[in-house]
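Asks: Before we start, here is the structure in question, set down as structure tokens.
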Amino acid sequence: MKYLLATTNKAKIRRYATRLIEKGIEIITLNDLNINIDVDENGKNPIENAIIKATAYNKATNIITIAMDDGLFLNNVPDELQPGTHVRRVNGKRLNDKEMIDHYISLVNKYGTNGELTGYFKKGVAVVDGDNTYTFEHKGNRKFTNKQSSVIDEGYPLASIQIIESLGKFKSELTKEEEEKVTENERKEICDFIENTINKLEQNNN
């Protein structure tokens, strides 16, 4: 059975679809279907947005759909300036990678200490099969700097201003092996949730 990962984000496809495929799960993406519908992700948090997106694509394709959404929350930043679920959208405008980096560096300069600003990402995951919805949330701490790496990870531009303290490197500069180690817990928990949910769905269908 095929499962749809509702994203065109290259980084998400690399980090999640590839791993699920390695587990023997047949994952396709929006690129494979050549489909991209206009989904109004107006939820109050990452879980709600993931449900909205997964539900929309499940109805459009009749394929069990997996969707993800991120929310970024920064320490000491006023509520009205918190990115929340609008990590890439500021004042109604969708930022490109460069604009996004510049915006967050400005927040580091204004609200950080010694050129650094801490916070955390919440990742919401939803699997939708018709009327059945399954969700999972992961929280991961982050540290951003007002210095920028020359290496930009397409789809995850904030990796070029995110410092991995244990390695003393920008996240975008990690080798594949280093990235695997740093993000292993997060990716494992998310992929385990998806795999376990799919196993339950397949058992119910048998």
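Readers should treat all values here as calculations from the given coordinates under stated rules, not as data from a laboratory. Owing to the predicted nature of the structure, the values given are computational and were not obtained by experimental measurement. Cβ sites come from the backbone with ideal geometry, for glycine too, and all protein chains shown count toward neighbours.
Asks: State the dimensionless ratio Rg/Rh of segment 130-206 (Rg: radius of gyration of Cα atoms; Rh: Kirkwood radius). Provide the component values of the computation, followed by the final result.
Replies: Numbers: Rg = 16.8 Å, Rh = 14.7 Å.
Rg divided by Rh gives 1.14.
Asks: Going by Cα centres, segment 74-129 and segment 1-15 are how many Å apart?
Replies: If you average the Cα positions of each part, the centres end up 23 Å apart.
Asks: Hey, could you pull the Cα Rg and Dmax for the chain, both in Å?
Replies: Calculated on Cα positions, Rg and Dmax stand at 17.4, 58 Å.
Asks: Between helix 176-205 and the chain, what is the angle of the helix's C-alpha long axis to the longest principal axis, kept within 0 to 90° and rounded to the nearest 10?
Replies: The angle comes out at about 20 degrees.
Asks: Give me the percent of Cα-Cα pairs in segment 84-159 that sit more than 19 Å apart, rounded to a whole number.
Replies: Here the long-distance tail beyond 19 Å is 48 percent of all Cα pairs in segment 84-159.
Asks: Something else about it: Which ordering of Thr113, Thr183 is given by a fewest-first count of other beta-carbon atoms within 10 Å?
Replies: If I rank by nearby Cβ atoms, fewest first, I get Thr113, Thr183.
Asks: Let me ask you something else. Report, in degrees rounded to the nearest 10, the 0 to 90 angle that the Cα long axis of helix 97-111 makes with the longest principal axis of the chain.
Replies: For 97-111 against the chain, the angle is about 50 degrees.
Asks: To continue, here is another question. Just to check I understand the Karplus step: with θ = phi - 60° and J = 6.51 cos²θ - 1.76 cosθ + 1.60, what whole-Hz values come out for segment 4-15, glycine and proline as x?
Replies: 3J(HN,Hα) across segment 4-15, in whole Hz: 9, 9, 7, 7, 10, 5, 4, 5, 5, 4, 5, 7.
Asks: Using R₀ = 25 Å, calculate the FRET efficiency as 1/(1 + (r/R₀)^6) where r is the Cβ-Cβ separation of Asp131 and Asn45; round to 0.05. Before the final figure, lay out each step's value.
Replies: Values: r = 22 Å, r/R0 = 0.86.
Plugging the Cβ-Cβ distance into 1/(1 + (r/R0)^6) gives 0.70.
Asks: To continue, here is another question. Nearest 5 is fine: what % of DSSP beta bridges in the chain come out antiparallel, could you say?
Replies: Percent antiparallel among DSSP bridges in the chain is about 85.
Asks: Let me ask another. With the contact rule set at Cα under 8 Å and sequence spacing of 6 or more, what percent relative contact order holds for segment 42-179?
Replies: On the way: 256 pairs, mean separation 32.7, N = 138.
Worked out over segment 42-179, it gives 24 percent.
Asks: I've got another one for you. Just how large is the dipole of the chain about the Cα centre, in debye to the nearest 20, putting +1 at every Lys and Arg Cβ and -1 at every Asp and Glu Cβ?
Replies: 320 debye
Asks: Please list, by residue number, everything in segment 161-185 whose backbone N is under 13 Å from a paramagnetic label point 7 Å out along Cα→Cβ of Lys23.
Replies: From segment 161-185, the list is 185.
Asks: Going by amide H atoms built from the backbone, whose H comes under 5 Å of the H on Asp153, apart from near neighbours?
Replies: Here the answer is Ala159, Ser160, since their amide H atoms fall under 5 Å of that of Asp153.
Asks: Against the longest principal axis of the chain, how steep is helix 46-61, in degrees 0 to 90 to the nearest 10, with axes from Cα atoms?
Replies: Long axis of 46-61 versus the principal axis of the chain: about 40 degrees.
Asks: What does the extension gain come out to for Glu177 and Asn91, with contour length at 0.36 nm per residue minus their alpha carbon separation?
Replies: On the way: separation 86, 0.36 × 86 = 30.96 nm, distance 3.74 nm.
So the chain would gain 27.2 nm between Glu177 and Asn91.
Asks: Further question: Among Ile35, His103, Gly84, which residue has its Cα positioned farthest towards the positive end of the charge dipole of segment 1-124, with +1 placed on the Cβ of Lys and Arg, -1 on the Cβ of Asp and Glu, and the dipole taken about the Cα centre?
Replies: Projecting each Cα onto the dipole axis, the largest value belongs to Ile35.
Asks: Whole percent per 5 Å bin, from 0 to the bin with the longest distance: what is P(r) over all C-alpha pairs of segment 1-108?
Replies: Going from the shortest bin to the longest, the percentages are 2, 11, 19, 20, 18, 14, 9, 5, 2, 0.
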